[in-house]
Amino acid sequence: GRLILAGQLLMIAASQATAPQLTASFAAGRNDEARDLLRTVSGWNVTLLWPVFICLGFGATTALSFFGPGFTDGSSLVVVLSVAMLVIVAIGGGDTVLTSTGASLASLVNHVAALAVMVGASLVLLPAVGLVGAAVAWALSRITLRGLATVQVWRIRRVHALGRPVLLAATASAVAYGPVGVAVTVALDPGPLALGTNVVVGGILHLGILTRLRTELDLDRFLTVFARRARA
């Protein structure tokens with residue numbers, strides 16, 4: 001739950017940081033400018049967060065074992081949440097972008113719909129599969145919220161986050177960490193060595209791929225913004 005919250009806070013921070021620019025672009029009718037900004041920031045979110053949740057999905061048992069042996073029973077729960085976060089991060093800013101267009105009422109309706117999905121899915125899944133059902137219900141509600149917002153922003157402004165930066169960033173993370181995660185899962189027993197190997201080897205591969213994609217993902221701009229925020 002803390003890792004999920006950390007990921008959400010990072011996405012919220014990125015969305016809030018760009019909200020004034022998005023609002024200004026939408027207000028001036030510069031939809032192409034807003035689209036490019038939204039896609040760039042979404043690519044940055046995927047670049048930062050997909051490695052975390054891919055490694056967490058493969059190393060769920062190991063990560064939970066640090067809290068005690070009884071916690072490892074929740075590994076399937078962590079896998080479900082990790083996969084859900086991959087989808088949620090890739091969809092993009094969603095509700096924040098919707099409110100930037102002035103569609104506050106649509107945002108309220110979307111939240112009500114997401115709540116209904118979570119309650120309905122919980123009533124069906126909790127008796128059947130327990131806490132895993134709760135994780136699935138939460139995931140469905142979050143995906144519903146972001147999916148509805150994405151569709152509505154597209155209808156209103158013809159803008160969405162699912163562009164080349166997100167595709168490149170997702171491919172880079174999947175190629176760097178996915179095969180390594182599968183290999184260590186097959187070759188090694190679950191434990192710190194397997195998780196550490198995935199993180200280190202995947203990280204080296206990811207860094208190499210990002211070096212080749214730095215222009216397409218506008219990573220120089222990201223590093224400039226990050227350094228400015230860090231100094232502040």
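The values are calculated or read from the model by the stated rules, or taken from the named source; none is laboratory data. In this text, all values refer to a predicted model and were calculated from it rather than measured experimentally. Neighbour counts run over all protein chains shown; Cβ positions are idealised from the backbone, glycine included. Just so you know, the surface numbers come from the protein's heavy atoms only, side chains and all, with ligands and any DNA or RNA stripped out. Shrake-Rupley method; radii C 1.70, N 1.55, O 1.52, S 1.80 Å.
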Taking the stretch 52-67 and the residues there that are in a loop (DSSP other than H, G, I, E, B) and touching a helix residue (DSSP H, G or I) at 6+ places or on another chain (Cβ under 9 Å), the one that is surrounded by the most Cβ atoms within 10 Å (Cβ to Cβ) would be 59
On the basis of being closer than 25 Å to residue 67 by Cα, aliphatic (A, V, I, L, M) and open to solvent by 80 Å² or more (accessible area, probe 1.4 Å), does residue 199 make the cut?
no
Name the single residue, out of those in the stretch 178-192 being at pLDDT 90 or above and not β-branched (Val, Ile, Thr), that is least open to solvent (accessible area, probe 1.4 Å).
181
Going by the conditions given, is residue 42 part of a helix (DSSP H, G or I), touching a residue at least 24 places away in the same chain (Cβ under 8 Å) and open to solvent by 30 Å² or more (accessible area, probe 1.4 Å)?
no
Condition test on residue 86, is it open to solvent by less than 60 Å² (accessible area, probe 1.4 Å), in contact with a Phe, Trp or Tyr (Cβ under 9 Å, 6 or more places away or on another chain) and not hydroxyl-bearing (Ser, Thr, Tyr)?
yes
Long-range neighbours under 9 Å by Cβ, at least six apart or interchain, first residue within 15 Å of residue 34 (Cα to Cα) within the stretch 87-107, second assigned to a loop (DSSP other than H, G, I, E, B) and not aliphatic (A, V, I, L, M)
92/160; 97/160; 100/93
Taking the residues in the stretch 68-83 that are under 11 Å from the mean Cα position of the chain (by Cα) and not polar (S, T, N, Q) as candidates, determine which candidate is least open to solvent (accessible area, probe 1.4 Å).
81
Do we have residue 114 as open to solvent by less than 30 Å² (accessible area, probe 1.4 Å), over 30 Å from residue 199 (Cβ atoms) and either in contact with a Lys or Arg (Cβ under 8 Å, 6 or more places away or on another chain) or not small (Gly, Ala, Ser) (or both) here?
yes
